Every structure is written in structure tokens, then in C-alpha cells.
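Read the structure below first, then the notes.
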Amino acid sequence: MSETEPAATDNAARAGAILHIDLAAVQANYRALAARTNGACAAVVKADAYGLGTTRVAPALARAGATTFFTALLDEAIAVRHSLAEITPAPVVYVLNGLAAGPATDFLTHDITPALNSLGEIETWAAAARAAGRALPAAIHIDTGMNRLGLPPAEMDVLAAEPDRLSGIDVRYMMSHLACAEDPDHPLNSEQLATFTAARARLPKAPASLANSSGIFLGSAYHFDLVRPGAALYGINPTPGRSNPMKQVIHLQGKILQVREIDAPRTVGYGATHRAAGPTRVATVAVGYADGYLRSLSSCGSAWIGGQRVSLIGRVSMDLTTFDVTEVSRDATRPGALVDLIGADISADDVAESAGTLGYEILTGLGHRYHRVYSGD
Ligand SMILES: *Cc1c(COP(=O)(O)O)cnc(C)c1O
């Protein structure tokens, strides 16, 4: 028994909600995605591994075979680099936001590889290579229709005409990013594929990377040499509208603080938005929008308790949310009992749909007041 264990138990007892994160499921998802491609499979771990905790998730992914990681920010990449210190050979860690994310010297100090997003960044990295007296690795991000990040068409033309601009740069990947991959019928998918293929043909030969999670499911034409899944690793459905091929990763349980028996007519919560129609039992759960349990779930969310679905009633407030548990046994709803807010019966995608957002936003918003329990790995 380590000395920290009693403290961890206390924390679980004190927490308003418990977030279970199944690292074995993350690893199984990684292996399942890697098995779909003939090329390599990276792991996107930006935004604290989509809210699940980079320092636990990145090493688990490395142990499942990931050797290439992507973050958005330089500080995220440094955290990944530290979390992977024990892993050999050292994985490659990319920063998607490129040299705008920090000075070239910081990339070199921490052995972080930039995705270069403009001719200016290519020039800066080539100069860093000359100063270092060696070739420096990078990915080159070409914008093929997202109009967000990467070399725009005019810069692409300049680079194709003047490929010497890449001298001193060891181009590990030519990459681009799909705007509509979760919609297999969207015409932009094949347009971006064609634009990407044409752009590659005009540049010095290099491996290529295009697909995010959903892009993997568009077929092998989209796979190239490296796929870059994020969301699917964490259990988000990469094929919306079809059954989810990924394993669920998170289980969020909120604690019942009180159960209120009310006789109609009475209202529940801020704004008196919910009016009980008849005698009602209301369970008040210790989770709220300060935990990333979105206020837009007011009057439309749901949860599971005692094998039954219960409706969220009234407004989600900062620290508290109320559910109608009239139909659930008193035993299953005593104070201290746990309600499934996200889990086997209600996925992060389901919660997102009720809230009018994406599973991505539910995961990246997962709060830091939750007591986190990691299993597997
Ligand atoms: C976030 C991101 C990914 C991962 O996307 P998912 O949809 O989460 O799989 C891949 N590539 C780039 C450039 C990204 O920004």
C-alpha cells in the first residue's frame, strides 16, 4: 500500500463526481485504428488528450505502439515529451500550431517537431537548421480546403517553384486536414484528396498524412503513410449516424446529495423553469456547468440510475443538477448513491447531442473537480 492511497480514497469520498478513464480501452481503440491502415498510426493528444489527461494517456498509447504524437501547443508537446521520458526509442512529438506556437530554439531544446504552416515558418526552420549545422525534421502542412491552417495555394505555388526553400529541412510528412470527414458523402472529401495528391506531386517526394479519426473510415485512399486519429481513440464515434466501432473510454458518475419529495404544483431550480405535474422525487447531483456539465443540458439531458433512464429537470447550475427520480427505487436514490452521467448507457456523443454540441466538446470540457480514476494499461 502506498501512502497516497488513503488520501485518494478520501478524495473519492469528498468528490462530487468520479471520472473513470479506461486506459485499456484507449489502447484497444489505438490498436483497432492502427489495424485499419497499412501505414503508421499516430495519436493526437492535444488539449490534455481531449480532456482525459495527457500524462496518463500518452504513455498508455506509447505502450500500445504509438510512436508519433500530435499536440496543438508547444507546452502540451513538452508535457507529452516529459510523460514519455521512459519510452524508448523516443517518440516523435509534433506541434500542429507550428512555429507560431513558440521559438525555434524551444523546439530544439525539447526535441519537438513543428508542423510548418507557412513559407515564413519554413524559412525560420531552414535558418535554424543552418545555425544547428544539421537537417531538422518537420511536417509541412498544406491547406487543401479547410482555410484555417497550413500553406495556402499561393504559398504552395511558390514552394513548388522554389523547392530549395526546403533545404536543411528533413520533411517527415506532407500533411493536410479534412474539413468534412465525418460526412462520407460530402464532396469536399474527394476534392481535398485530389488537391492534396496534386500538391504532393509538385513538391519533393515525402511521406504523406491526411486522415483524422473519421478520415480513416473514408477508405484506404485517404490513409497514405500516417493517419492522425484523436477523438476515436477516446471513444467518440468517428462514423456519426452509424454504430460506434470504438470502445467507450469514460464513465462519469455524479453523487446524489439530497432527494427532495415535492407535491405539485412546485417548481425546481433557477428560473423556476421546471414545474412538477404531480408528486415528484427530485435527486440533486453534485455536478454542474463548472465541471463542464453543460448548462445547455438544462431540461433536456438525462442520466441512468438503477438501470433506469432519468430526465434532467430544470436548469443545470454551477455545482448542482437535478433529475426526476420518481420512478426509481428509494434504495437506488439514497444520498451518496452514484448516477451515471456518461457511461455504457449514455455516451459522450449522446450527452453532446442533447447539449447541441459534439462529443469532442464534452470530453475537452471535462472538469478538474472530478475525482479521476485510471484503470487498465
Ligand atoms: C485535431 C486534429 C486531428 C485529430 O482529429 P480527430 O477528429 O479528433 O481525429 C488530426 N489532425 C489535425 C491537423 C488536427 O487538428
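The values are calculated or read from the model by the stated rules, or taken from the named source; none is laboratory data. Note that this is a predicted model, so its numbers are computed, not measured. Neighbour counts are summed over all protein chains in view; Cβ atoms, including those assigned to glycine, are modelled from backbone coordinates with ideal geometry. Please note that ligands, DNA and RNA were not included when accessible areas were found on the heavy atoms of the full protein model with its side chains. Shrake-Rupley method; radii C 1.70, N 1.55, O 1.52, S 1.80 Å.
Among the residues of the range 187-196, is any within 16 Å of the ligand (Cβ to nearest atom), closer than 26 Å to G365 by Cα and within 25 Å of the chain's Cα centre (by Cα)? Within the range 187-196, none of the residues are within 16 Å of the ligand (Cβ to nearest atom), closer than 26 Å to G365 by Cα and within 25 Å of the chain's Cα centre (by Cα). Among all positions in the range 132-139, there is at least one residue which is assigned by TED's automatic domain parsing to the domain that holds T197, within 16 Å of the ligand (Cβ to nearest atom), closer than 19 Å to R200 by Cβ and of a type outside the set (V, I, T). Residue under question is V351, and the condition is that it be touching an Asp or Glu at 6+ places or on another chain (Cβ under 8 Å), open to solvent by less than 60 Å² (accessible area, probe 1.4 Å), in contact (Cβ under 8 Å) with a residue 12 or more places away in the chain and among the β-branched types (V, I, T); does it hold? So V351 fails the test. Against the test of being farther than 23 Å from A60 by Cα, modelled with pLDDT of 95 or more and within 11 Å of the ligand (Cβ to nearest atom), the options L257, L210 yield a single qualifying residue, L210. Would you call Q253 of a type outside the set (K, R), in contact with a strand residue (DSSP E or B) (Cβ under 9 Å, 6 or more places away or on another chain) and under 21 Å from D350 (Cα atoms)? For Q253, the condition - of a type outside the set (K, R), in contact with a strand residue (DSSP E or B) (Cβ under 9 Å, 6 or more places away or on another chain) and under 21 Å from D350 (Cα atoms) - is met. Within the range 213-241, the set of residues being free of Cβ contacts under 8 Å to residues at least 24 places away in the same chain and either over 21 Å from I362 (Cβ atoms) or within 11 Å of the ligand (Cβ to nearest atom) (or both) comprises just one member, G219. Of the numbered criteria (1) out of contact with any Lys or Arg (no Cβ under 8 Å at 6 or more places or on another chain); (2) of a type outside the set (G, A, S); (3) within 25 Å of H177 (Cβ to Cβ), the one T88 fails is (3). The set of residues in the range 143-159 being within 11 Å of the ligand (Cβ to nearest atom) and within 21 Å of P187 (Cβ to Cβ) consists of D143, M146, R148, G150.
So in the range 270-290, with the set limited to residues that are crowded, with 18+ Cβ neighbours inside 10 Å and within 21 Å of G365 (Cβ to Cβ), which one is nearest to the chain's Cα centre (by Cα)? Of everything passing the filter in the range 270-290, Y289 is nearest to the chain's Cα centre (by Cα). Against the test of being buried (at least 24 other Cβ atoms within 10 Å of the Cβ), in the same structural domain as N117 (by TED's automatic domain parsing) and within 19 Å of I216 (Cβ to Cβ), the options L52, L61 yield a single qualifying residue, L61. Does P265 meet the test of being open to solvent by 60 Å² or more (accessible area, probe 1.4 Å), away from the ligand (no atom under 13 Å from the Cβ), touching a Phe, Trp or Tyr at 6+ places or on another chain (Cβ under 9 Å) and more than 25 Å from R372 (Cβ to Cβ)? No: the conditions fail for P265. Among (1) touching a Gly at 6+ places or on another chain (Cβ under 6 Å); (2) within 30 Å of V45 (Cα to Cα); (3) without any contact (Cβ under 8 Å) to a residue 60 or more places away in the chain, which single condition is D291 missing? Only one criterion is unmet by D291, namely (3). The set of residues from the range 160-183 being under 22 Å from Y222 (Cβ atoms) and either among the aliphatic types (A, V, I, L, M) or away from the ligand (no atom under 14 Å from the Cβ) (or both) comprises V171, R172, M174, M175, L178, A179, A181. G306 meets each of the listed conditions (1) within 28 Å of K247 (Cβ to Cβ); (2) more than 16 Å from the ligand (Cβ to nearest atom); (3) open to solvent by less than 10 Å² (accessible area, probe 1.4 Å) apart from (3).
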